[in-house]
Amino acid sequence: MILTFALSLIIYCIILNFLFSITLDSFIQQNRFNRLMKDSREIGQLYFNLLDQHISSDEFARNIIERDNLAVINSRILIYNEYRQIILDTKQKAPLQNNMILTRDIEKCFNDSKQTCSTFINDTNRVEYYYYTVPFIRQGQVKGAIVYHGTYQGYAPAANMIIVLIWATAFLFCGALSLLYIVLSKKIVNPLLDMNKTTRQIAAGDFSVRVPANSTDELKELSDSINYMASQLEDTEDARRRFLENVSHELRSPITVIRSMLQVIIEKKVSSDKQVYYTEMILNEVLRMSQLINDLMDLTHIQSSDFKLEYERVDIAELLRRSIAKFESIFTEKKIVMRITFDEYFAAYIRGDELRLVQIFDNLIKNAASYTPETGDILVESSEDGKWVSVTISNSGEGISPEDLPYIFERFYKANKARNSEGVGLGLAITKQLIILHGGTIEVESTNGVSCFKVAFPAEI
Ligand SMILES: Nc1ncnc2c1ncn2[C@@H]1O[C@H](COP(=O)(O)OP(=O)(O)O)[C@@H](O)[C@H]1O
Ligand SMILES: [Mg+2]
């Protein structure tokens, strides 16, 4: 780019110089000519004064020599009388260039009463000379003539100076442009190239790359956005990998169990009543696997963009009573004390998808039933303040450790103590997702061995 520009600048300079020298030449000639015409009129006047003896020939000569000294460089003035004799030569000693032309011009001037102008190039020094001849006319007769003789060379240094100036400006401009280009490359072009490279690498699947931090203020926002996008993609990719690892892990363990049990049965290493026990274990593992697959499909469905809730008016208190009833047998079996703080007339309405709300409370109450030890107790509270319907489910037990608390709503997360529990760690992830879709919130607290899940939904009056 810069090269093209520099090249065009040089071509432009060459053209400019060419045009300049042409214009300068014609300007100099025109200027010289005008000047000489004016001078010759004045000198003509002096010449007639001399003829009429108003001034002496010394005075005349001095006047002309003065004019010559003041006038343009390299000039020479010759004055002819009416007999075509030279009566004054300002540079007597110097030789006259090309006498033939001078004689011819003088002839022409006297014969035709016309001014003439001749230029010629000297063969030896290749310098261009001129002769301007102007007649002094009185009453129609040529009484004398003036000849200017010289070269235009005196203008050359000035002209050369201008040419040098043109080139110097061009080079200065080129230099400034290169400097600007270097600064711009450093500030804008290079960071943009970096960003381009990084986004290509990201597009090719390498999410670990980042735009180097050499951007200028103007581009910093853009590079920050690219880096943010890359880190988001990296997180997503990590989550995807963790998810696949978890799924594979959760599927591998039941399959291992099933395989070894079947092996034992096939090899007939156990008595027939033990066989029933093993078969039941296999059934349990199969049920666990199908639960895992159902939960996974459910979670994927809930998280998809086309998932929609079927809204209706739902009484949360009634749903809680039904959920608790479902797990009654477990409470009895584990001798768990279940307390409900609201009476049978209490109702708290929200707008929601009844089937999904049932799923939410079933999950929470089932967890409470599972993680409450024998003879433990569970407390279910509900209230409504006109804006929110709140439900709190607390249970005694070992509680959830502070390290586990922030993660228990994540997919496949099981608190340490529950590593070998029957669940797969998807229940709370599904529950939280469904609550959020209903515009609600869920929080968990665990103090002194009491785990407490607080849920709230926008109330419908
Ligand atoms: N009521 C509760 N009391 C104690 N710990 C709980 C309770 N509910 C959930 N947890 C802990 O949170 C983890 C995640 O729960 P969840 O997503 O339902 O998975 P799962 O029940 O399948 O293990 C459980 O493994 C358990 O450690
Ligand atoms: Mg669970």
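The values are calculated or read from the model by the stated rules, or taken from the named source; none is laboratory data. Fair warning: this is a prediction, and the values are worked out from it, not measured in the lab. With ideal geometry, Cβ positions are generated from the backbone for all residues, glycine too; neighbour counts draw on all protein chains shown.
Some values worked out for this structure:
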read-out: Within segment 75-190, strands (runs of 3 or more DSSP E) holding 3 or more residues that are within 24 Å of LEU24 (Cβ to Cβ) and in the same structural domain as LEU16 (by TED's automatic domain parsing); value: 116-121, 128-138, 141-151
read-out: Subset of segment 395-411 that is more than 16 Å from ligand 2 (Cβ to nearest atom) and either hydroxyl-bearing (Ser, Thr, Tyr) or over 30 Å from ASN294 (Cβ atoms) (or both) - its residue that is surrounded by the fewest Cβ atoms within 10 Å (Cβ to Cβ); value: PRO402
read-out: Test: TYR148 is in contact with a Gly (Cβ under 7 Å, 6 or more places away or on another chain) and over 30 Å from SER208 (Cα atoms); value: no
read-out: Flag for LYS414 being in contact with a strand residue (DSSP E or B) (Cβ under 7 Å, 6 or more places away or on another chain) and either away from ligand 2 (no atom under 15 Å from the Cβ) or not polar (S, T, N, Q) (or both); value: no
read-out: Residues satisfying the stated conditions in segment 325-362, i.e. within 59 Å of the chain's Cα centre (by Cα) and assigned to a helix (DSSP H, G or I); value: GLU354, LEU355, ARG356, LEU357, VAL358, GLN359, ILE360, PHE361, ASP362
read-out: Residue check for ASN448: within 14 Å of ligand 2 (Cβ to nearest atom) and touching a residue at least 40 places away in the same chain (Cβ under 8 Å); value: no
